[in-house]
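Quick notes on the structure that follows.
The values are calculated or read from the model by the stated rules, or taken from the named source; none is laboratory data. Because the structure is predicted, anything quoted here is derived from the model rather than measured. Backbone-built Cβ (ideal geometry, glycine too); neighbour counts: all protein chains shown.
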Amino acid sequence: MIFTIAIDGPAAAGKGTVSRAVAEHFGFRHLDTGLLYRAVGARTLRGEDPLAAAEALSPEDLLDPGLRGQDVAAAASRVAVLPAVRAALVGFQRGFARSEGGAVLDGRDIGTVICPEAEAKLYVTASPEIRAERRFAELAARGVEVTRAEVLEDVLARDARDMGRAEAPLCAAEDAVLIDTSELSAADATRAAIAAIETRRTGRV
Ligand code: DC
């Protein structure tokens, strides 16, 4: 059985939480494609050329706990504007998306570029202020010293780069179901996502 669930949206909208829960619910494999760009970004912070880094990426790169940091996120967003870097990462993502047993991929361009034929597409979003507040709480809980204003600035800069780039900019696919998590708990967002996917699975849309 081949069934791809594409989940796109901006940083800190709750995509990761929804994607993991959806994958568990359906028993599908899950790929957080942001990790690929973060791993390339991390290598560039160590002085590597972005394309060479993308071509040399190995599964171990994705296990680095340092990939969650803010500096790596910014580096990821910067390497993600490079068409050659994106092209180097396409094959792996497409192979994962169409692998036997069902797959959930979350990112920025899954429903539009990586897997336009995905059987179910979601666009998970929330207002920049709410996303910044969630990211701030997460960072504060980890003991990172940062202000709310700095986090909001970072969220807005990343949005501008991810949505404004020429190659595969972040946008909702025409046939994506929009889930705005601004006013939703993680459990409610997950329920909405599962309901939307079930509708596609049973062929009602
Ligand atoms: O989802 P994330 O915050 O881990 O993603 C980090 C960066 O990687 C993001 O700012 C843009 C880029 N990215 C992308 O361009 N395309 C994807 N499919 C996933 C991430």
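Conditions (1) at pLDDT below 95; (2) farther than 16 Å from Ser127 by Cα, marked per residue:
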| position | (1), (2) |
| --- | --- |
| Ala140 | yes, yes |
| Arg148 | no, no |
| Arg158 | yes, no |
| Glu167 | yes, yes |
| Val177 | no, yes |
| Ser182 | no, no |
| Ser185 | no, no |
| Arg191 | no, yes |
| Glu198 | no, yes |
Can you tell me how many residues in region 4-18 are more than 10 Å from the ligand (Cβ to nearest atom) and surrounded by fewer than 19 Cβ atoms within 10 Å (Cβ to Cβ)?
1
So is Val155 of a type in the set (Val, Ile, Thr), within 11 Å of the ligand (Cβ to nearest atom), without any contact (Cβ under 8 Å) to a residue 60 or more places away in the chain and surrounded by 13 or more Cβ atoms within 10 Å (Cβ to Cβ) or not?
no
If you take the residues of region 190-205 that are of a type in the set (A, V, I, L, M) and closer than 20 Å to Ile2 by Cα, which of them is nearest to the ligand (Cβ to nearest atom)?
Ala193
Looking only at region 105-135, how many residues end up being more than 18 Å from Val81 (Cα to Cα) and touching a His at 6+ places or on another chain (Cβ under 8 Å)?
1
Just checking, how many residues over region 71-91 are loosely packed, with under 15 Cβ neighbours inside 10 Å and either away from the ligand (no atom under 13 Å from the Cβ) or of a type outside the set (Asp, Glu) (or both)?
5
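Residue by residue, here is whether (1) at pLDDT 95 or above; (2) surrounded by fewer than 19 Cβ atoms within 10 Å (Cβ to Cβ); (3) out of contact with any Gly (no Cβ under 7 Å at 6 or more places or on another chain); (4) not charged (D, E, K, R) holds:
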| residue | (1), (2), (3), (4) |
| --- | --- |
| Arg20 | yes, yes, yes, no |
| Ala23 | yes, no, yes, yes |
| Thr33 | yes, no, no, yes |
| Leu36 | yes, no, yes, yes |
| Gly41 | yes, no, yes, yes |
| Gly47 | yes, yes, yes, yes |
| Ala52 | yes, yes, yes, yes |
| Ala56 | yes, yes, yes, yes |
Tell me, which residue of region 19-35 that is within 22 Å of Ala168 (Cβ to Cβ) and in a helix (DSSP H, G or I) is nearest to the ligand (Cβ to nearest atom)?
Gly34
Would you check if there is a residue in region 173-180 being in a loop (DSSP other than H, G, I, E, B) and over 22 Å from Ile5 (Cα atoms)?
no
Is it true that Leu105 is at pLDDT 95 or above, near the ligand (Cβ under 10 Å from one of its atoms), more than 19 Å from Gly164 (Cβ to Cβ) and of a type outside the set (Val, Ile, Thr)?
yes
Checking Ala187 against (1) touching a residue at least 40 places away in the same chain (Cβ under 8 Å); (2) more than 16 Å from the ligand (Cβ to nearest atom): exactly one of these is not met. Which one?
(1)
Please list, ordered by residue number, the helices (runs of 4 or more DSSP H) wholly in region 40-98 having 1 or more residues that are among the β-branched types (Val, Ile, Thr).
70-79, 83-97
